[in-house]
Amino acid sequence: ARLEGNLRETFGAFETIRFESVGPALGSEVGQKALLAVGLASLGILAYISFAFRRVPRSFRFGTCAIVALLHDALLVLGVFSILGKLFNIEVDAMFVTAVLTVIGFSVHDTIVVFDRIRENITRHAGESFSAIVNHSILQTLTRSLNTSLTTALVLFALVLFGGLTTRNFALALL
């Protein structure tokens, strides 16, 4: 009411077409649903990787490592946005939740690419130690991961600089 009064004094009469407000109840609901989504997705990823890598010894560890990497990446984005929110008043909204879920998807994809290469190299290099196979597999996928990440980062950087306000925080979170 106070805002409308100030606007009337400054600009004259106007008609309010639509007013939306997101209260703490809705924010809490979005947060709970996002955590539930991440939890269910983590269980699904664990089951998928355990099944897909069932011929690899201790495939359950592969799934656990993928979930640890996924949580690391998500917490990194949350931490950076906490700092940005404190310093620059950047708000967490539905686009941010979408961005965090997208980061989780990218994280799992990159992890599975490396794990798949490890699975292939275990059969190709049967006599080598596991650490040598893992090192070789990471080196094989490193160029691809760097190229993909750099080209994506260039596009996201352009979106942060030249994109609209509605996509800026989304692009910043992905960046």
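The values are calculated or read from the model by the stated rules, or taken from the named source; none is laboratory data. Keep in mind it's a predicted model, so treat the numbers as computed, not measured. Positions of Cβ are generated from backbone atoms using ideal geometry, with glycine treated the same way; all protein chains shown enter the neighbour counts. The protein model used for the area step is the full one, side chains on, heavy atoms only, and it has no ligands, DNA or RNA in it. Shrake-Rupley method; radii C 1.70, N 1.55, O 1.52, S 1.80 Å.
Look at Leu139 and say whether it is modelled with pLDDT of 95 or more and open to solvent by 40 Å² or more (accessible area, probe 1.4 Å).
When the stated conditions are applied, Leu139 passes them.
Can you tell me which residue is modelled with the highest pLDDT among those in region 20-44 that are loosely packed, with under 12 Cβ neighbours inside 10 Å and of a type in the set (Ser, Thr, Tyr)?
Filtering first and then ranking leaves Ser28.
Tell me yes or no: at least one residue of region 4-12 is farther than 27 Å from Arg117 by Cβ, of a type in the set (Asp, Glu) and modelled with pLDDT of 90 or more.
yes
Test each condition in (1) part of a helix (DSSP H, G or I); (2) open to solvent by 90 Å² or more (accessible area, probe 1.4 Å) for Ile17 and report the one that comes out false.
If we test Ile17 against (1) part of a helix (DSSP H, G or I); (2) open to solvent by 90 Å² or more (accessible area, probe 1.4 Å), just (1) comes out false.
Hey, does region 162-175 have a residue that's more than 14 Å from the chain's Cα centre (by Cα), in a helix (DSSP H, G or I) and touching a residue at least 12 places away in the same chain (Cβ under 8 Å)?
Checked region 162-175: at least one residue is more than 14 Å from the chain's Cα centre (by Cα), in a helix (DSSP H, G or I) and touching a residue at least 12 places away in the same chain (Cβ under 8 Å).
Does any residue of region 45-56 turn out to be among the charged types (D, E, K, R), part of a helix (DSSP H, G or I) and at pLDDT below 90?
No, because not a single residue in region 45-56 is among the charged types (D, E, K, R), part of a helix (DSSP H, G or I) and at pLDDT below 90.
Mind checking which residues of region 85-118 are among the aliphatic types (A, V, I, L, M), open to solvent by 50 Å² or more (accessible area, probe 1.4 Å) and modelled with pLDDT of 90 or more?
Leu87
Is it the case that Ser82 is among the polar types (S, T, N, Q) and within 27 Å of Ile122 (Cα to Cα)?
no
Inspect all residues belonging to region 138-151 and state whether any of them is hydrophobic (A, V, I, L, M, F, W, C), touching a helix residue (DSSP H, G or I) at 6+ places or on another chain (Cβ under 8 Å) and not in a helix (DSSP H, G or I).
There is no residue in region 138-151 that is hydrophobic (A, V, I, L, M, F, W, C), touching a helix residue (DSSP H, G or I) at 6+ places or on another chain (Cβ under 8 Å) and not in a helix (DSSP H, G or I).
How many residues does region 69-84 hold that are under 23 Å from Lys33 (Cβ atoms) and open to solvent by 50 Å² or more (accessible area, probe 1.4 Å)?
So the answer is 7.
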